[in-house]
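The values are calculated or read from the model by the stated rules, or taken from the named source; none is laboratory data. Because the structure is predicted, anything quoted here is derived from the model rather than measured. When we count neighbours, we look across all protein chains shown, and the Cβ atoms used for this are built from the backbone with ideal geometry, even at glycine.
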Amino acid sequence: MEMADKPLNPLAIHRLLREQGVHLGLVSVYRTLELFFSLGLISQVFQPDGLVGYLPVSFGHHHFIVCQNCHKAVEFLGSEDLQELIQRIHTETHYQVRDHLLQFYGICPECQALLENGDIN
């Protein structure tokens, strides 16, 4: 999983492990993902088709951008510039914001080149 550039769902991780000769039950994959997520070692990435995958993350504040064509995901550093938005949300809703998920979708450079060449729609 540490080498993945696309978010992997539990079934894909289970399949890859079996292909590598690791015989781990699917329930163990889910439990391990839950543990890694709670420790901040992986992040949930929402794919354009609505499926949730997981990718390893670096420490600190970060977000992902996901290609809408090939589903490749790239992590980028987050910013504390959201403070104004968080304050506005608090003022309007009276909720105390404790966390957030910000993710972008677009077309990666490789798919942009394919689009320009007419190789994909």
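Structure notes:
Conditions tested, residue by residue: (1) within 17 Å of Gly106 (Cβ to Cβ); (2) of a type in the set (A, V, I, L, M, F, W, C); (3) surrounded by 16 or more Cβ atoms within 10 Å (Cβ to Cβ); (4) in contact (Cβ under 8 Å) with a residue 24 or more places away in the chain.
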site: Gln47; (1), (2), (3), (4): yes, no, yes, yes
site: Pro56; (1), (2), (3), (4): no, no, no, yes
site: Phe59; (1), (2), (3), (4): no, yes, no, no
site: His63; (1), (2), (3), (4): yes, no, yes, yes
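- Every pair of residues 6+ apart whose Cβ atoms lie under 6 Å, when the first sits in the stretch 100-115 and is among the small types (Gly, Ala, Ser) while the second is surrounded by 12 or more Cβ atoms within 10 Å (Cβ to Cβ): Gly106/Ile65
- The residues listed here are Gln87, Gln68; of these, the one that is within 15 Å of the chain's Cα centre (by Cα) and at pLDDT 90 or above is Gln68.
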